[in-house]
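Laboratory data are not the source of any read-out in this text; all were calculated from the coordinates shown. This one's a predicted model, so the numbers in the text were calculated from it and none came from an experiment. Please note: Cβ atoms are built from the backbone with ideal geometry, for glycine as well, and neighbour counts cover all protein chains shown.
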Amino acid sequence: MTVSLRNFKAKEALPRMLADAAIVQLAAILSLCATFAYYLYGHGAEQWSREFFLRELQARYLQQFPTLAVVFLLVFAVTGVYTRTRGYSVRYKWPVLFRACGLASLLYLSVSLLIDRDGLFPRSTLVLLPLLTSAGVVGARWLNYWLETTRLVASSTPAATTAVNQQAPVLVVGGAGYIGSIVVRKLLDRGRRVRLLDKLTYGDSAISDLFGHPNLDFMIGDCRNIQDVVRAMSGVRDVIHLAAIVGDPACAADDKNALEINYAATRMMLEIAKGNGIERFLFASSCSVYGASESVMDEQSQTVPISLYAETKLNSERVLLEAKTDTFHPVVLRFATVFGLAPRPRFDLVVNLLTAKAFQEGIITIFNGDQWRPFIHVDDIAEAVCQTPTCPIERVSGEILNVGDDRLNYTLSQIASLIHTEFPSTRIENVENADRRNYRVSFEKIHQRVGFSCAKTVEDGIRELRLAFEQGRIADYKAPLYSNLAYLKTYGGVHANNQLDGEVMAAFSRSLGNLDMATAEDAGVKPGVAASALSRSKA
Ligand SMILES: NC(=O)c1ccc[n+]([C@@H]2O[C@H](COP(=O)([O-])OP(=O)(O)OC[C@H]3O[C@@H](n4cnc5c(N)ncnc54)[C@H](O)[C@@H]3O)[C@@H](O)[C@H]2O)c1
């Protein structure tokens, strides 16, 4: 509650509060009318006349008007309707709004019983009031959302955009996420035209301030849907593919969708890209494909994916690299583990999570402290993604590039010490768990070929997160919006929109069984998790 109030920004919230206040009043009048109409037509006692109805309506409504307005707006504010749920897409907002309306109605009843029992609305009105208010506030948000997307999609048709700028846009798929929202900003800052395709799984809060930018074509869509992808790729020269279910836990919790989005959709997209004459196709993979190893891993090292997430990434890499031709140039970027602030912060990433816990709970809990991991600031990763398309094609075509910096390989204990230096009064707690990921990575190749090296250190990231907490810019770091797994668990999966998409994805997943076995045999590990996920998803 304190977090919701601390993050309350009056200027942003005021128009929505006024609209909600109007909806609450309208719902109250309609509920009263419905109750009186019920008695007036058919069930009324002698005194139920039109005059009596109007008099009662006026008296009761005017008596209750201030209480209603104060109680509802107060409950909406403390339950996060104007702060925490702001960035959620509408389908995730309605449970919060229904809960807030129910709570406000109960509170209104209690307050009215205490201060003005005689003027209280009739019981049937009190039943109708939360229902109508909920329908009103949810409906208003749907309408707003629909108007906004209609306007944006209309402005994203190729005919409309060619007039804005003749330069071919770069398509960023998954551009509304943690990394993508910075990539899109950097490309726009460089004067590039950007087309952004995203399903808005985690809402639009990371990019909503860019709506209306003359060089941005924004499309809400699913990378599993053929029409969405064909439309998004029309007139495009370069594709940056970032969309995925990201992270081991999130993929393990929803293996069917993880397979579809992280692997099958990549296969479909590359076919459409080749058909559309796309030149460069940048794919966001992960250093987690290296799995567990004591050596320093480079792009030639043997991969040992030990999670479904890593396997979907590795198999996507393979199909993409196999698809290289003289005119189609796939580039695989294996990202280090990202940290730092972004328009959509994530607190399910190790540096961010440990810093948040240190700040808010005074404890740094590390799991398997001896394990190595390469790290990179989110701003640097976005910079690498933006630099790669502009460097000479022969340096990167058909190549795998680890994205990070040799100086940023750390054990998790070292990360804990860096955070402890920033928060000296915290306690470090060591815990063992089943996560066996352990890899140190060489980033020499991207340095040589693209000239990329990181500008920010882990300490920079910790300090900026600390500042964001101190300034109240981050609400509760445990809020589902900041964690992919928590968000998908709270608000449901990211299922394909229709049966046809599901069938297309099943067809594109089919060869995964073989690839997966090859991966497993190459790596000398048991047949992969992707194959078993595939058979489960077919069942
Ligand atoms: N963050 C990291 O530490 C890290 C490390 C290695 C690799 N990566 C890779 O970088 C990419 C971006 O990661 P992130 O941290 O920004 O993740 P994120 O979860 O913040 O963003 C993913 C974006 O993809 C979108 N998306 C999901 N499913 C979609 C679908 N079916 N159609 C269209 N859009 C869809 C989501 O709405 C979201 O905006 C991912 O491919 C990820 O695997 C990230």
Seminar exercise, completed: Gyration tensor on Cα atoms of the stretch 246-348, a ≥ b ≥ c root eigenvalues, a/c under 1.5 rounded, else prolate if a/b beats b/c, else oblate, says prolate
For this session: Just the number, please: Stokes-Einstein D of the stretch 181-299 in µm²/s, Kirkwood Rh from C-alpha pairs, 25 °C, 0.890 mPa s.
Result: 155 µm²/s
Seminar exercise, completed: Of the residues GLY277, VAL319, PRO330, the Cα lying farthest along the dipole of the stretch 271-342 towards its positive end, which is defined by charges on the beta carbon of Lys, Arg, Asp and Glu, belongs to GLY277
For this session: Could you give me the percent of Cα pairs per 10 Å distance bin for the stretch 300-371, shortest bin first, beginning at zero and ending with the bin that holds the maximum distance?
Result: 15, 32, 28, 18, 6, 1
Seminar exercise, completed: Expected vector for the stretch 393-406, Karplus 3J(HN,Hα) from phi with 6.51, -1.76, 1.60 and θ = phi - 60°, integer Hz, x for Gly and Pro, equals 4, 5, 7, 10, 4, x, 9, 9, 10, 6, 10, x, 8, 3
Problem set entry | For the stretch 374-508: rounded, prolate or oblate by the Cα gyration tensor [a/c cutoff 1.5] | oblate
Exercise. If we restrict to alpha carbons, what Rg and Dmax does the stretch 156-523 come to, in Å?
Worked result: 19.7, 59
Problem set entry | Overall Cα dimensions of the stretch 341-443 - principal axes, largest extent first, Å | 50, 30, 22
Exercise. So how strong a dipole does the stretch 194-256 carry about its Cα centre when Lys and Arg Cβ are +1 and Asp and Glu Cβ are -1, to the nearest 20 debye?
Worked result: 260 debye
Problem set entry | Qualifying trypsin sites (Lys or Arg not before Pro) for the stretch 395-482 [loop in DSSP, other Cβ within 10 Å: at most 16] | ARG436, ARG473, LYS478
